[in-house]
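Here the structure is laid out as structure tokens; the discussion comes afterwards.
The values are calculated or read from the model by the stated rules, or taken from the named source; none is laboratory data. Remember, it's a predicted structure, so these values are computed and weren't measured experimentally. A quick note on method: Cβ atoms are made from the backbone with ideal geometry, for glycine too, and the neighbour counts reach across all protein chains shown. Quick note on the areas: whole protein, heavy atoms, side chains included, nothing else; ligands and nucleic acids left out. Shrake-Rupley method; radii C 1.70, N 1.55, O 1.52, S 1.80 Å.
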Amino acid sequence: MGRKNKKKSELSQKPIEQQQQQQQAPPPPAKEQQQQQAPPAKPQEHPSPAESQPQTSRGKKGGQPPLIQQKHPAVLQPQQQQGGQAQPLGPPDNQPLYAQQGPPIGQGQQRPGPPGGRSQQRPQPPGFQEQQRPGPHRGQQRPQPSGFQEQQRPGPPGGRGQQRPQPPGFQEQQRPGPPGGRGQQRPQPPGVQEQQRPGPPGGRGQQRPQPPGFQEQQQLGPPGGRGQQRPQPPGVQEQQQPGPPGGRGQQRPQPPGVQEQQRPGPPGGRGQQRPQPPGFQDQQRPGPSQLRQTPAGNIPTKVDDQVITKGVKGLSLKVPQRKNLKSGGTLGRKTVVETNHLALDLSRVRNERIAHYDVAIDPDKPKRLIRFVMEQFRIENYPDRYPAFDGKKNLYSSGYLPFQFNISNTVNVQDDESKTPKEFKVTINFANMVHLEQLKNYMQAGSSQDAPMEVIQAVDIVLREASASSRSFVQVGRSFFTPPTNQLIDLGNGLELWYGFYQSAILGWRPYVNIDVAHKGFPKNQNVVDLIGELCSCDRRNLTYLNPFQVDDLNKYLRTLKVDYELPNQPNTKRCYKVNSVVGTPRNLEFRLDSGQTITVFDYFRCEKGVMLQYPDLPCLHVGSLNRPNPIFVPVELCTVKSQVIVRKMNELQTQNMIKVAATSADKRKSKIMDALRKAGFNRSKTVQEFGFSVSDQFEKVTARILEPPPLAYHEKTEMPVKGVWRAKHFLTGSELTDWIILNLNGRYTPEDILRSFCTDMKRTGEGLGMIIALARPPCTIECHPRDIQRKLEEYLKFVKGIQLVVVVVPDKGDTYAKVKQTAELQVGVLTQCVKARTMRRMNMSTISNILLKVNSKLNGINHSLLNSAVPPCLKKPVMIVGADVTHPSPDQVDIPSVAAVCASHDPKAFCYNIQYRLQGPREEIIKDLQNIMREHLLFFYNSTSLKPQKIIFYRDGVSEGQFSQVLNEELQAIRRSCQSLEQDYQPKITFLVVQKRHHTRFFPLKREDMDGRNNNVPPGTVVDTDITHPTEMDFYLVSHASIQGTSRPTKYRRLWDDNDMSEDELEQLTYYLCHMFSRCTRAVSYPTPTYYAHLAAYRARVYIEGQKIQLDNLSEEQRRRSIKEVIYKDSPMFFV
């Protein structure tokens, strides 16, 4: 008996996959099966000092298994037979976080009841699976160990109450109990046929009608009776397959003469399907193929649960309102700050109704003349009225215009480029009336999902009219720029900086206008020869010819830009052309004249135009229409680039130069905003005056609170951040680095003595941080042609495969970093840490400490954590913190997919994360495969902790307000379906927040004690959740970081869903605390760590596709080819930091 109990105890502690294999084995004899009852295991509450030493890294050679070592503290893990005691968990300086949770799944045993009675079950903590109650007969179900699915343990063939052995992953449909108990069919007298008692719809014996889009779970029953399988949609698999009598999916034969009759019950009672909460679907239980974890970059090849629960149709989730309107949180020190929101007074509007007209202009090009066309049309047709035009098709007026409903007429406008007048036909038709009172109603009880967008748009266009109609501003979206007047600020590579301002009408607890400074790079107005000299870093006097790389750079810059072509000393020859491409040189490029003669460009200008070209070996530009039979080729020396609006991503040099200029102190930024306000002149605009709007000229003062930072736990020490910064101490759990090497890919430019010095400094610095670092192997240098670097790199990494870490020195420029990560993580499976050659040359102890922050995390160490006494209540139970983001290619990249990246925590300290990424179509914001992504994260969490998350807190980045409803109804439902795909009744509470950084709200301190740093910013921890926030829904602004340069930008958080019913204080404190858990630095970051990690994961995915052609019509195959090696994403889940 004791041996059997021991065997059972060991079985209950094996991984899910091993148990499933064992459960396919032939059943034991019935006599043995009755005897196998093991006493419940007792959780170890206080490990002895000898047992409580920190565990070493899973990266250590010959150490612990590679998956997860840092389990939830004080929760007894599966015992390893070492003196009969469970191994200790967690660092000695921290108290258990989850002590009240009891033993993990699989260690709470069932207490048998008296013969014939109902068995009792020990009370289970939240998040544990409900065990099946045993009956008095043979074929009892044993309590299951780890795993999300319940299975029945087979009994003797034909045994009463038994089901035939099921394949791994299948779940039982009914729970066994005593005869006639819950989940059992009561035996009927001989000769009684099985029938269903009729009842009213939804009443006894009837299934309740399901809402549209809900799916029914299949139940087996007699033909035509209750529990029949309804016809399923195509592709939906049946849960039970027919088999031989008594086989799987069949009801066992009854004694002779006894037929089954299903006993009806009250709705939702036994034998009935319980009603599901809104948004949940009844799903089929996953099969064995679904229990396997896919690699972090893989799309599963078979997803049954996705087919079964494709979506909840006909339902729309609503964003919850604040519990207490017109109120916010209370934690922290109260203060008052200014914000760049100006009060918008709508109390004196002349007409509550705004007339909306549709405008059609023929021809509708060139776009630059459209506003001038409408202004001329106004002067000629209704000169005493000043409506607002959006520059496209919408016209708004205060009440009707004189013509009331429609008008059509022609106007002539002078074209400055062609120097000729153009005729346009303008047609205006009345569309509808817009009512301003909708704004008042919205601010009292409105929802972001049905915001009065048309009214907000009308007000915004009215306020924008003052600047948009002026010839002194260049409009780019919601921003207006003016050309530099005094000093030109060169950004490099042909761009210069223009200053401007941003404006937008927004709704808080009252209407506001948000004003902020804006900066943008514009092409410099210069001759193309000078541009070539700037791009090639040489003087124009030394320009003779361009190599193919230089031609390509010039083509990338000039393509789609406008240039002015003009012959020397002949102003009347000036023309404006759009550049199609850069082509051959005037000396060699030929074209055909109208006479049929072929001539070179050089000879044409010499003979026909009388111009001797000075740069005959520089390229020409192909300009004008692409449909011309004879294309137009012009020499670059006769062309000048115009200052114009471009929508392109700046390169690294240009971005650095812009940041240096744009990053100013809070005082200077406020001064610039006030200057922009004077330029905008809202209250001087005749359009604004006609509508009766009025904009304040003072910043709004709002109430703010300054939250206290969390104390951080290091090994036997506690650090308290001061102004968002602290010093790294002895790591909470230091890893061991016993086998590593330096690989130099920068050739002779990084000498070997620098590399050896780096090895020594790593060892010495690591000791102070609690890491054990051995001396590295002798450094290796690879020198080869750039086209051979990937092949050489793969050969070397395969040679050293099995090593803990390879530190790779990469050149400062080029794509070597991408090739290293592609080769190491996708092809070979070796952990790497890249260091730029410039950084290696300037190496110091501070830089090495920062590198070791990343290395310790990659080797599964824990740098620091929140002190147990400061842990928010929501983190004291099993909770998964998730960050998600979707990054898109720049507008000029047309063949690059978007990347969806999701990271999730898998330890109780919220320090360790793992990632999943997916390639999806360009510009797709919704995460298409979120259900499978979350399923993999849940399995990873469970395999790491032996616990299921009771809560999921989801931080979603990159979503605009117009996408809130779509994200809520698609992504939240995908998370729910992923939970139910693992277990039908598994419904963890979900809190869903959106993280927004792309806004223009800034805070300016009023009190001297609130000014932080040399830039006079508000201090870290400043939170604002009233006045300028949503009037009815919960959102808040949080400045969590200390800005190194420039004015701090707060991050905005919007709550879209909250099953956990967290208060403003709880959400704000949790979010602020998570900003201190970033592994790569000892500073509070500007948004929560999981969101930051999602950015890093998305960036890593972009690295995987860098320099490669992607087939957008076959992204699943592209994803499969870029699967991360299992040894990387499982053994070192934080490889991406």
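Could you check the simple spin-label distance between PHE403 and GLU924, using points 7 Å along Cα→Cβ, in nm with one decimal?
Label-label distance for PHE403 and GLU924, simple model: 4.5 nm.
Can you tell me the order of 1018-1024, 887-893, 580-586 when each peptide is scored by its average per-residue count of other Cβ atoms within 10 angstrom, highest first? Write out the running numbers ahead of the final one.
Details: 1018-1024: 25.6, 887-893: 13.7, 580-586: 18.6.
Going from most to least packed, we get 1018-1024, 580-586, 887-893.
Given a Förster distance of 35 Å, report the FRET efficiency between ASP552 and TYR1099 from their Cβ-Cβ distance, rounded to the nearest 0.05.
Details: r = 25 Å, r/R0 = 0.72.
E(calc), rounded to 0.05, equals 0.90.
Heavy-atom accessible area per residue, the range 988-1097, 1.4 Å probe: how many Å²?
Working: 2990 Å² over 110 residues.
Here the residues of the range 988-1097 average 27 Å² of exposed surface.
Less than 20 Å from a label point 7 Å out along the Cα-to-Cβ axis of ALA343: which backbone N atoms in the range 499-541 qualify, by residue?
Answer for the range 499-541: 504-516.
Take ILE379 and LYS660, extend 7 Å from each Cα along the Cα→Cβ direction, and tell me the distance between the two endpoints in nm.
4.5
Please work out how much length the chain gains when fully extended from TYR545 to CYS784, using 0.36 nm per residue of separation minus the C-alpha to C-alpha distance, in nm with one decimal.
Details: separation 239, 0.36 × 239 = 86.04 nm, distance 2.84 nm.
Value of the extension gain: 83.2 nm.
Go through the range 451-500 and name the chymotrypsin sites (Phe, Trp or Tyr not before Pro) that are in a DSSP coil and have 14 or fewer other Cβ atoms within 10 Å of their Cβ.
Numbers: sites: PHE473, PHE480, PHE481, TRP498, TYR499; in loops: PHE473.
Counting only loop positions with at most 14 other Cβ atoms within 10 Å, none of the chymotrypsin sites (Phe, Trp or Tyr not before Pro) in the range 451-500 qualifies.
Mind checking the full-extension length gain between SER447 and GLN963? Use 0.36 nm per residue of separation minus the Cα-Cα distance, one decimal, nm. Present the calculation step by step, with values, prior to reporting the outcome.
Values: separation 516, 0.36 × 516 = 185.76 nm, distance 1.35 nm.
My answer for the length gained is 184.4 nm.
Through the Karplus equation 6.51 cos²θ - 1.76 cosθ + 1.60, θ set to phi - 60°, convert the phi angles of the range 866-874 into ³J(HN,Hα) values in whole Hz; use x for Gly and Pro.
5, 4, 4, 5, 10, 5, x, x, 5
How far apart, in nm, are two points set 7 Å out from the Cα along the Cα-to-Cβ line at GLN487 and at VAL647?
Result for the modelled spin labels: 3.3 nm.
Using a Förster distance of 41 angstrom, determine the FRET efficiency expected from the C-beta separation of THR420 and SER671, and round it to 0.05.
Numbers: r = 44 Å, r/R0 = 1.08.
Plugging the Cβ-Cβ distance into 1/(1 + (r/R0)^6) gives 0.40.
Rounded, prolate or oblate: which fits the range 417-523, taking a ≥ b ≥ c as square roots of the Cα gyration tensor eigenvalues, rounded meaning a/c under 1.5, else prolate when a/b beats b/c?
On the way: a/c = 3.30, a/b = 1.48, b/c = 2.23.
Oblate, because a/c is 1.5 or more while a/b does not exceed b/c.
What residues of the range 428-450 lie in the reach of a label at ASN351, counting those whose backbone N is under 19 Å from a point 7 Å from the Cα along Cα→Cβ?
428-439
Give me P(r) over the range 307-451, computed from all C-alpha to C-alpha distances, binned every 10 Å, as integer percentages.
Here the calculated profile for the range 307-451 is 8, 25, 21, 19, 16, 9, 1.
Within the set of other residues whose C-beta is less than 15 Å from the C-beta of THR598, count the net charge using Lys and Arg as +1 and Asp and Glu as -1. Before the final figure, lay out the partial values.
Values: positive: ARG587, ARG592; negative: GLU590, ASP594, ASP603, GLU608.
Here the count lands on -2.
Among the trypsin sites (Lys or Arg not before Pro) within the range 782-860, which fall in a DSSP loop and have no more than 16 other Cβ atoms within 10 Å of their own Cβ?
Details: sites: ARG787, ARG791, LYS792, LYS798, LYS801, LYS813, LYS819, LYS821, LYS836, ARG838, ARG841, ARG842, LYS854, LYS858; in loops: LYS801, LYS813, ARG842.
Qualifying residues, ordered by number: LYS801, LYS813, ARG842.
Classify the range 867-1021 from the C-alpha gyration tensor, please: rounded if a/c falls under 1.5, else prolate or oblate depending on whether a/b exceeds b/c. Could the numbers behind the result be given before it?
Values: a/c = 2.19, a/b = 1.19, b/c = 1.83.
Taking the square roots of the gyration eigenvalues as a ≥ b ≥ c, the range 867-1021 is oblate.
Taking just the C-alpha trace of the range 635-680, give me its Rg and Dmax in Å.
When restricted to the Cα atoms of the range 635-680, Rg and Dmax are 16.3, 49 Å.
With just the Cα atoms defining each centre, how far is the range 817-846 from the range 904-940? Give it in Å.
The two parts, judged by their Cα centres, are 25 Å apart.
For the range 991-1029, run through the trypsin sites (Lys or Arg not before Pro) and keep only the ones in DSSP coil with at most 11 other Cβ atoms within 10 Å of their Cβ.
ARG998, LYS1007, ARG1014
Summarise the accessible area of the range 704-820 (1.4 Å probe, protein heavy atoms) by the percent that is carbon and sulfur.
Values: 2900 of 5590 Å².
Solvent-exposed carbon and sulfur of the range 704-820 make up 52 percent of the total.
State, in angstrom, two size descriptors of the range 714-823 derived from its alpha carbons: Rg to one decimal place and Dmax to the nearest whole number.
When restricted to the Cα atoms of the range 714-823, Rg and Dmax are 17.1, 51 Å.
Quantify, in whole percent, the carbon and sulfur part of the accessible surface of the range 1067-1137 (1.4 Å probe; protein heavy atoms only). Don't skip to the answer; put the middle values down first.
Numbers: 990 of 2360 Å².
Here carbon and sulfur together make up 42 percent of the probe-accessible area.
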